[in-house]
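First the structure, in the form of structure tokens, and then the observations on it.
The values are calculated or read from the model by the stated rules, or taken from the named source; none is laboratory data. Keep in mind the model is a prediction, meaning the values are calculated, not measured. Neighbour counts run over all protein chains shown; Cβ positions are idealised from the backbone, glycine included. Just so you know, the surface numbers come from the protein's heavy atoms only, side chains and all, with ligands and any DNA or RNA stripped out. Shrake-Rupley method; radii C 1.70, N 1.55, O 1.52, S 1.80 Å.
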Amino acid sequence: MKDMFSLDGRVVAVIGSGSGIGQAVAEAVAGQGAHTVCLDVNREAAEATVARIAAAGGQASSLRIDLTDEGDVRSRLAEVAAGADPVALADAV
């Protein structure tokens, strides 16, 4: 029976993944097999989350996102969606 919580083959974007709940969500979905895109205003913090995920054997990448700039949000989410099907979004902000 397939694990009902498996995210194998999916891309999950987590906004606010540089610390706290967002980081925990990013690590959790990566642990279920998702390629996790860590989005945060602090790119270095998002990169640290990517490193934690990679150290645990997961797959992740990071992007800086500024939620106060609608154009930036649209651009980053379009970047995540390009070539990724299906995509899920978790907002931990």
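Residues in the stretch 42-71 that are open to solvent by 30 Å² or more (accessible area, probe 1.4 Å), in a loop (DSSP other than H, G, I, E, B) and in contact (Cβ under 8 Å) with a residue 12 or more places away in the chain: ASN42, ALA56, ASP66, LEU67. Among residues of the stretch 29-41 that are farther than 7 Å from ALA60 by Cα, those with a Cβ under 7 angstrom from a residue that is of a type in the set (Asp, Glu) and in a loop (DSSP other than H, G, I, E, B), sequence gap 6+ or separate chain, pair up as GLY33/ASP8; VAL41/ASP66. Those residues that are over 18 Å from GLU79 (Cβ atoms) and in contact with a helix residue (DSSP H, G or I) (Cβ under 6 Å, 6 or more places away or on another chain), I need them from the stretch 28-55; list them, please. ALA30, ILE53, listed by residue number. Inclusion of ILE21 among residues that are modelled with pLDDT of 95 or more and surrounded by 17 or more Cβ atoms within 10 Å (Cβ to Cβ) is not warranted.
Among the residues of the stretch 26-41, those identified as open to solvent by less than 50 Å² (accessible area, probe 1.4 Å) and among the β-branched types (Val, Ile, Thr) are VAL29, THR36, VAL37. One residue stands out in the stretch 1-18 among those that are more than 21 Å from ALA82 (Cβ to Cβ) and surrounded by 11 or more Cβ atoms within 10 Å (Cβ to Cβ): the one that is farthest from the chain's Cα centre (by Cα), namely SER6. Within the stretch 3-56, how many residues are within 26 Å of ASP69 (Cβ to Cβ) and of a type in the set (D, E, K, R)? Residues that pass the stated criteria total 4.
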